[in-house]
Each structure stands twice: as structure tokens, then as C-alpha cells.
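Novice: Quick one: this structure, given as C-alpha cells, is what I'll be asking you about.
The values are calculated or read from the model by the stated rules, or taken from the named source; none is laboratory data. What you see is a predicted model, and the numbers here were worked out from it, not measured in a lab. Positions of Cβ are backbone-derived with ideal geometry, glycine not excepted, and every protein chain shown enters the neighbour counts.
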Amino acid sequence: MIQLYVPLNFLGVIYREIKQSLADIERLFKLLDQHREVADVPNAKPLAIQGAELRFSHVDFSYEAKRQILFDVDFTIPAGTTTAVVGHSGSGKSTLSRLLFRFYDINAGSISIDGQDLRNITQVSLRKAIGIVPQDTVLFNDTIEYNIAYGKPDASREEIVAAAKAAYIHDFIESLPDGYQSMVGERGLKLSGGEKQRVAIARTLLKNPAILIFDEATSALDSRAEQAIQAQLKEIAKDRTTLVIAHRLSTIADAAQILVLDHGRIVERGTHAQLLAQNGAYAQMWDRQQARQEIGPSSPGTNDRD
Ligand code: ATP
């Protein structure tokens, strides 16, 4: 009996391992499946950018049939200007950026860039035109040089260094023993939140997109790092059509347009001053955030997520 037990037990271990791998493969297919319905139309054209005016026209959207996420969302970002979106957690802010990349198709309405409906242009040309500085930058297990050049795979060494300098991360890279060849990511050097965002900024500068999405981190960096990054972003956003998904209202007070999203609907829009004067949802959010900041920057929840 004992002679049989050992091999059977061993087979059990292998079976569990295989089952686990299959589960992973299944997950991978599920992920791939998510975007399967989004395909280029047969005669899709490459996006022709003029000024990159962005338009959401009466957009309805749901990820799943039974739960609508966006309702009649309608706004324009004039070419070269910045629009910020604010709203409680789950109101649909990040969904706007996913739709702009056309990771999903919408149920009603249209999204267009310079008058070209996203459904009629090639996805490759669309994604080339948009740069994103995400909340939490994922770094590849590769060199820091590779991670920056990811924005433009054929970039020269000079271009990469120039982008790193403009993102104020060059000196940090040079101080590492292996410089630009330092390995980063899960298996390499762990970078801080601010350093990772600088890599993302360098990547975006190199890509030089006409449209920029900045998904502000919910957890604030320390305030000096935060201010430096904000200043850089302002620099990058200059003359680009920019969508900021904002959590701290203080960072977007000078946006040309602010949209307030509530449960998937735009409930207010205007400049910071106009919205304060309206004394509505935005003004309330602003007062709450100001009150929290007076208590102290380390107090929990200094954003609008609750
Ligand atoms: P936060 O400020 O927390 O980042 P948000 O305003 O960006 O929130 P979204 O990420 O746009 O919110 O999500 C809007 C709604 O859509 C949420 O209720 C969320 O649960 C739902 N949602 C997001 N992604 C998916 C998905 N892939 N499938 C189904 N529902 C989703």
C-alpha cells in the first residue's frame, strides 16, 4: 500500500499544479476575451490629427448589460486645452479614459477626435496618438532604459536621455551603479511612487502624443514631490489636448474646464471659479477637501473618494 501511496501522492501534486496553470490560462483567455468585440472595421483609416479636438457626444455605456455606467455624457475638449474630471469613487472617471482608448465600444452616442469617430479609425493609430500617465505605473522587468523607450521603441540613446532629463529623473538614473542599464520592476530595483511616475512622464515625453491622459494617483506623494510632478505635467500638457482624472481638486484649479461626474452623469461643468460660484456639488467637495487640509496633510482621505 505504502508503495502505491508515494506515486499517487506525487501525481496529486502534479495534478494540482496543472490545474492551477489551467486556471491561469483560463484567466488569460478571459482577459483577451474582454476586448474581443472591439475590432477595426474593414476599411478603417489611420487617425489624421489636426489639433486633436476631443468630443464625447451623448455617450451611454455599460460594461455588463444590466448595469449602465455612463448616461448621456456629452462634452468637448477644445484642441490643446485641459479638461479635468472629478467625482466620487466609482462615478465613471477612469471609464472615460478606457473608452478614449477604445478598449470597449459604447452603447449609444459617439466619441471622436478631430471629427473622426473612433469606430472608423485603426486602433493602432488611435493608441499611438494618446499618452497616459497612469495612477500606478507598471514597470517591466527590464532596464530603466527599456522602460523609458517603451514609449518609442526606435528612440535613440540621446532622445531617451533628453526625455529623462525633462522628467527630472536623469540624475537619479546616473546615480545608480548600472545607470540606464539598471534592472527595474518586480525582480529588479524597486522605485518609489514618484520615481515610477517620472519614468511614465519620460515615456510619455518620448512618445510625444497629441492627446494626454493623466490619471492622478489617489494616494498623494509627499507634497514636494507632488508639486514637482504637477509642475512637470503642466509643462507636458501645454498645447496638448489633456484629460485629467483628478482626485485632489487643488491640482486642477486652473483647468480650462472641469466636469463633475456623479453616478455616470455630468452634473456640473465650468471653470473652478464658476463652479465655486454655483455653490453646488463641486463647491461642497472643495470645502470638504480644504477643511481636511487644514486638519493636516497626513489626515486620512484627503481626496474625494468617500
Ligand atoms: P475611482 O475614483 O475609484 O478610480 P472611477 O470614477 O474612476 O473610480 P470607474 O473605474 O470608471 O470609476 O468605474 C465606474 C463603475 O464601473 C464602477 O462602479 C465600477 O465598479 C464599474 N467597472 C469598472 N470596470 C469594470 C469592468 N471591467 N467590468 C464591470 N464593471 C466595471
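Novice: How many of the residues in segment 163-194 are touching a residue at least 12 places away in the same chain (Cβ under 8 Å) and more than 19 Å from N141 (Cα to Cα)?
Specialist: Residues that pass the stated criteria total 4.
Novice: Right, here's the next one. Mind checking which residues of segment 171-209 are more than 30 Å from T81 (Cβ to Cβ) and in a helix (DSSP H, G or I)?
Specialist: Residues satisfying the conditions are D171, F172, I173, E174, G179, Y180, Q181.
Novice: What are the pairs with Cβ atoms under 8 angstrom where one residue, in segment 79-102, is of a type in the set (A, V, I, L, M, F, W, C) and the other, located anywhere, is away from the ligand (no atom under 12 Å from the Cβ) and assigned to a loop (DSSP other than H, G, I, E, B)? Sequence gap at least six, or different chains.
Specialist: Here the result reads A79/Q50; A79/G51; A79/A52; A79/E53; A79/D114; A84/A255; L99/I106, each pair linking segment 79-102 to a residue that is away from the ligand (no atom under 12 Å from the Cβ) and assigned to a loop (DSSP other than H, G, I, E, B).
Novice: Can I ask one more? Looking only at segment 48-61, filter to residues that are more than 19 Å from the chain's Cα centre (by Cα) and within 16 Å of the ligand (Cβ to nearest atom); which one of those is surrounded by the most Cβ atoms within 10 Å (Cβ to Cβ)?
Specialist: Looking at residues that are more than 19 Å from the chain's Cα centre (by Cα) and within 16 Å of the ligand (Cβ to nearest atom), I get V59.
Novice: In the list A231, A253, A155, which residue meets the criterion of being in contact with a helix residue (DSSP H, G or I) (Cβ under 6 Å, 6 or more places away or on another chain) and closer than 30 Å to F75 by Cα?
Specialist: Going through A231, A253, A155 in turn, just one is in contact with a helix residue (DSSP H, G or I) (Cβ under 6 Å, 6 or more places away or on another chain) and closer than 30 Å to F75 by Cα: A253.
Novice: Out of the residues in segment 197-246 that are at pLDDT 85 or above and polar (S, T, N, Q), which is surrounded by the fewest Cβ atoms within 10 Å (Cβ to Cβ)?
Specialist: So the residue we want is N208.
Novice: Among D24, D40, which is modelled with pLDDT of 60 or more, more than 16 Å from the ligand (Cβ to nearest atom) and acidic (D, E)?
Specialist: D40
Novice: OK, next. Taking the condition of being hydroxyl-bearing (S, T, Y) and either modelled with pLDDT under 90 or farther than 12 Å from N147 by Cα (or both), how many residues in segment 161-196 meet it?
Specialist: Residues meeting the conditions: 3.
Novice: Here is a further query. Being among the β-branched types (V, I, T) and either at positive phi or without any contact (Cβ under 8 Å) to a residue 40 or more places away in the chain (or both) is the requirement here; does I229 meet it?
Specialist: So I229 passes the test.
Novice: Would you point out the residue of segment 255-297, among those that are free of Cβ contacts under 8 Å to residues at least 40 places away in the same chain and among the charged types (D, E, K, R), that is surrounded by the fewest Cβ atoms within 10 Å (Cβ to Cβ)?
Specialist: E294
Novice: What single numbered condition from (1) touching a Gly at 6+ places or on another chain (Cβ under 6 Å); (2) farther than 22 Å from T271 by Cβ fails to hold for S112?
Specialist: It fails just one condition, (1).
Novice: Within segment 288-306, take every residue that is under 16 Å from I252 (Cβ atoms) and away from the ligand (no atom under 16 Å from the Cβ) and give me the one that is modelled with the highest pLDDT.
Specialist: Of everything passing the filter in segment 288-306, Q290 is modelled with the highest pLDDT.
Novice: Taking only segment 36-64 into account, find how many residues are assigned to a strand (DSSP E or B) and touching a residue at least 12 places away in the same chain (Cβ under 8 Å).
Specialist: Summing the residues that are assigned to a strand (DSSP E or B) and touching a residue at least 12 places away in the same chain (Cβ under 8 Å) in segment 36-64 gives 9.
Novice: Restricting attention to segment 229-250, report how many residues are outside any helix (DSSP H, G or I) and within 16 Å of the ligand (Cβ to nearest atom).
Specialist: 6
Novice: Going through I106, I132 one at a time, which residue ends up being modelled with pLDDT of 90 or more and within 15 Å of the ligand (Cβ to nearest atom)?
Specialist: Selected residue: I106, the only one of I106, I132 that is modelled with pLDDT of 90 or more and within 15 Å of the ligand (Cβ to nearest atom).
Novice: Take the residues in segment 70-88 that are near the ligand (Cβ under 10 Å from one of its atoms) and more than 28 Å from I49 (Cβ to Cβ), then tell me which one is surrounded by the fewest Cβ atoms within 10 Å (Cβ to Cβ).
Specialist: H88
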